[in-house]
1. Restricting attention to the range 156-187, report how many residues are loosely packed, with under 15 Cβ neighbours inside 10 Å, in contact with a strand residue (DSSP E or B) (Cβ under 7 Å, 6 or more places away or on another chain) and over 21 Å from ILE117 (Cβ atoms).
2. Given TYR190, TYR199, TYR219, which one is buried (at least 18 other Cβ atoms within 10 Å of the Cβ), farther than 20 Å from ALA135 by Cβ and of a type in the set (Phe, Trp, Tyr)?
3. Going through ALA131, ALA220, ALA203 one at a time, which residue ends up being closer than 24 Å to ALA99 by Cα and either more than 33 Å from the chain's Cα centre (by Cα) or among the acidic types (Asp, Glu) (or both)?
4. Determine which single condition SER143 fails, assuming it passes every other condition in (1) under 36 Å from the mean Cα position of the chain (by Cα); (2) loosely packed, with under 15 Cβ neighbours inside 10 Å; (3) small (Gly, Ala, Ser).
5. Go through the range 180-223 and report how many residues are within 25 Å of VAL105 (Cα to Cα), assigned to a loop (DSSP other than H, G, I, E, B) and at pLDDT 95 or above.
Amino acid sequence: MNRRYQRAAAGDLRAVAHAQGAMAVGSPLLQAPASWQRKGSGMATLEHTETTGDVAGDGVRRRDFINIAAVSFAGVGAATVLLPLVNQMNPSADVLALASIEVDVSAIAEGQAIKTIFRKQPLFIRHLTGAEISAADKTDINSLRDPQTLEQRTVGGKKQWLITMGVCTHLGCVPLGAGSGEIKGEFGGYFCPCHGSHYDTAARIRKGPAPKNLEVPKYAFKSDTVVAVG
């Protein structure tokens, strides 16, 4: 009886061992991949590392694309905001119209002057006489506070036409002398009564607190009788 029990138990143990061996060798769950069987566990680890590197590279490229797209979008947005602001700072049509003017000087006789407006400031246009030109030329330029000759303050061939801004260089007052009957000061040009600045026939400062001559704007004659200022 004991020997029969021992043989049955031994048979059961062999069946269990056989089943375990089958699972170790043939089971799909436990069977190692063919690449592991051929190359070993070391190569399997290498293949896994390479796959991880490819995934990481894809992640970097994806982040680069997102960064570039974000920067591009921000640049477009900034340009969209700035363009209207820049356009608002551009001069309007009425300002551009005042940037330059044309004046017909045919009616200004020798010894006369007129006042007009240029860029919202007074402009003096004076038709000098021969005596006024001679007085300006005889002045010692080295004695002037702001040394300039009459030739330097007029355009070539039009020495008789003196065109200056009508703004005193001291505190921005409007000097007298361009209008009929106005005081021309001690030197026959212009006089600022506010603080006593005297200008000569070339509108150069000769006496008083003004530091500079009356400003000569940019101008050019389009014809013998029409001058463009600005």
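The values are calculated or read from the model by the stated rules, or taken from the named source; none is laboratory data. Note that the structure is predicted; figures quoted are calculated from it, not measured. Methodologically, a virtual Cβ is constructed for each residue, glycine included, from the backbone with ideal geometry; neighbour enumeration extends over all protein chains shown.
1. Of the residues in that region, 2 qualify.
2. Just one listed residue meets the conditions, TYR219.
3. Just a single option satisfies the conditions, and that option is ALA203.
4. All conditions pass for SER143, except number (1).
5. 17
Residues are listed down the side, and each one gets a yes or a no for (1) closer than 15 Å to ALA228 by Cα; (2) in a helix (DSSP H, G or I):
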{"site": "GLU110", "(1), (2)": "no, no"}
{"site": "THR116", "(1), (2)": "yes, no"}
{"site": "ILE125", "(1), (2)": "yes, no"}
{"site": "ILE133", "(1), (2)": "no, yes"}
{"site": "ASN142", "(1), (2)": "no, yes"}
{"site": "ARG145", "(1), (2)": "no, no"}
{"site": "GLN148", "(1), (2)": "no, no"}
{"site": "LYS158", "(1), (2)": "yes, no"}
{"site": "THR164", "(1), (2)": "yes, no"}
